[in-house]
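In what follows, a single structure is set out as structure tokens and then discussed.
Quick note: the coordinates plus some simple rules give every number you see, no bench work behind them. These figures come from a predicted structure and were not determined experimentally. No Cβ is skipped: glycine too gets one built from the backbone with ideal geometry, and neighbour counts run over all protein chains shown.
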């Protein structure tokens, strides 16, 4: 959706309705005609504004699916059938590691390696400050990033209780919906990386549930 | 400039120019204004290619609706010239 065009179209539609009424009651059919013309353009603008999406989004969705398949196959071949995700912040980047649950990871190197267990790792780079530098509004900044910058969902709920953190994405964007499936959902990967960067702590994903247009993540701060 | 912005600019400019011209010459037939606005939409779409930035289903629905409305207007006008009696019979209640 393009908010600016939608608001413009809604205003034009309102103006055309008022003009139709004015024209009809004053008996001026030129005014009714002009209003109908405005209404026709407004209806087209409203449809286009509401159904607008970035032209490259389909390409990105396809590319994400292909990359995910490759990574999932790689993890499977390394014996990581029951794997989980870790996010380890390092300076301006976060290393995402796919490995067995509840293991100690010491400086995992991209792309594949063997520590306490075999792992697949990749780095997610970020612009801006170092990890953990967000400050007091850490959670708000994370929520804003996920909703405004990435447009993942309309609402994000984050609850931090001790060393546990629950993240719920509600009303997920239609375009992103096909991407919230397990394993290695790009939404989960990016959310985990952003959260690790915001908190400046190593995280482990312990629970992931995708349902309709909701994605629920439970992570523990390691 | 994004295609959607180009479309908005073009469609509103064409529609505004033609609507103002029609109003100035005292045109009072509403269907003329509507058909010209529909034409301005299709011209703008053809020139800007905005359909690639819009979800296909919504855009197809809009196109079908506008073509249907435009065809109905044209059919009505053609019938008005060729078969005025038949049109009057159809439009007269109980006729």
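Using a Gaussian network model of chain A whose springs link C-alpha atoms within less than 10 Å, name the residue from A:22, A:187, A:160 with the highest mean-square fluctuation.
A:22
Compute the FRET efficiency between residue A:123 and residue A:3 as 1/(1 + (r/R0)^6), taking r as their Cβ-Cβ distance and R0 = 25 Å, and round to the nearest 0.05.
About 0.15, to the nearest 0.05.
Which FRET efficiency, nearest 0.05, do residue A:211 and residue A:61 yield, Cβ-Cβ r, R0 25 Å? Write out the running numbers ahead of the final one.
Details: r = 20 Å, r/R0 = 0.78.
Result of the calculation: an efficiency of 0.80.
Given 0.36 nm per residue, what is the gain on full extension from residue B:31 to residue B:46 after removing their alpha carbon distance, in nm? Spell out each step's value before the answer.
Numbers: separation 15, 0.36 × 15 = 5.40 nm, distance 2.25 nm.
Difference between extended and current length: 3.2 nm.
In a Gaussian network model over chain B where Cα atoms closer than 10 Å are linked, find which of B:66, B:83, B:33 has the largest mean-square fluctuation.
B:83
Just counting partner chain Cβ atoms within 10 Å, what average do the residues of peptide B:50-56 show around their Cβ?
Numbers: counts 3, 1, 2, 9, 9, 9, 1.
Mean shielding count: 5.
Just A:127, A:170, A:65 to compare: in a GNM of chain A, with alpha carbon springs under 10 Å, which one fluctuates most?
A:127
Run lengths n ≥ 4 of DSSP H only: what is the helix-derived mean residue ellipticity at 222 nm for chain A, with -39500 (n - 2.57) per run over all residues, to the nearest 500? It would help to have the intermediate numbers written out before the result.
Details: 5 runs with 88 residues, N = 222.
It lands at -13500 deg cm²/dmol.
Given a Förster distance of 25 angstrom, what is the FRET efficiency for residue A:177 paired with residue A:144, based on the Cβ-Cβ distance and rounded to 0.05? Kindly include the intermediate steps, with their values, before the conclusion.
Values: r = 21 Å, r/R0 = 0.85.
For residue A:177 and residue A:144, the calculated efficiency is 0.70.
Across the residues of A:26-38, average count of Cβ atoms on other protein chains within 10 Å? Can you show the working numbers first?
On the way: counts 0, 1, 2, 6, 11, 2, 4, 13, 10, 3, 9, 16, 6.
For this peptide, the per-residue mean of nearby foreign Cβ atoms is 6.
Rounded, prolate or oblate: pick one for the protein assembly as shown, where a ≥ b ≥ c are the square roots of the eigenvalues of its C-alpha gyration tensor, a/c under 1.5 means rounded, and failing that, prolate if a/b is larger than b/c, else oblate. If you can, show how the numbers build up before the last one.
Working: a/c = 3.56, a/b = 2.89, b/c = 1.23.
Prolate, since a/c reaches 1.5 and a/b exceeds b/c.
Using a 10 Å cut-off on Cβ to Cβ distances, tally the other chain neighbours for every residue of B:19-28 and report the average as a whole number.
Working: counts 9, 2, 0, 4, 6, 1, 1, 2, 4, 8.
The mean count of partner-chain Cβ atoms within 10 Å per residue comes to 4.
Expressed as a rounded percentage, what relative contact order does chain A have, with Cα pairs under 8 Å and six or more residues apart? Each step should come with its number before you reach the end.
On the way: 373 pairs, mean separation 37.8, N = 222.
Relative contact order for chain A comes out at 17 percent.
If packing is taken as the mean number of other Cβ atoms within 10 Å per residue, what is the order of B:45-56, A:189-200, highest first? Mind showing how you got there, number by number?
On the way: B:45-56: 16.9, A:189-200: 23.0.
Answer by packing, highest mean first, reads A:189-200, B:45-56.
Please tell me the relative contact order of region A:138-221 in percent, rounded to the nearest whole number, where contacts are Cα pairs under 8 Å and at least six residues apart.
Numbers: 133 pairs, mean separation 25.0, N = 84.
Relative CO of region A:138-221 lands at 30 percent.
Rounded, prolate or oblate: which fits region A:26-171 when a ≥ b ≥ c are the square roots of the eigenvalues of the alpha-carbon gyration tensor, with rounded for a/c under 1.5 and prolate only if a/b beats b/c?
Details: a/c = 3.49, a/b = 2.26, b/c = 1.54.
Because a/c hits 1.5 or more and a/b exceeds b/c, region A:26-171 counts as prolate.
Compute the label zone of residue B:63 within region A:29-73: residues whose backbone N is under 15 Å from the point 7 Å along Cα-to-Cβ.
Under cut-off, by backbone N: A:48.
Note down the nm distance, to one decimal, between modelled labels 7 Å out along Cα→Cβ at residue A:159 and at residue B:9.
Distance between label points: 5.0 nm.
Answer rounded, prolate or oblate for region B:3-91, using the Cα gyration tensor with square roots of eigenvalues a ≥ b ≥ c: rounded when a/c is under 1.5, else prolate when a/b is larger than b/c, else oblate. Can you show the working numbers first?
Values: a/c = 3.83, a/b = 1.57, b/c = 2.44.
Taking the square roots of the gyration eigenvalues as a ≥ b ≥ c, region B:3-91 is oblate.
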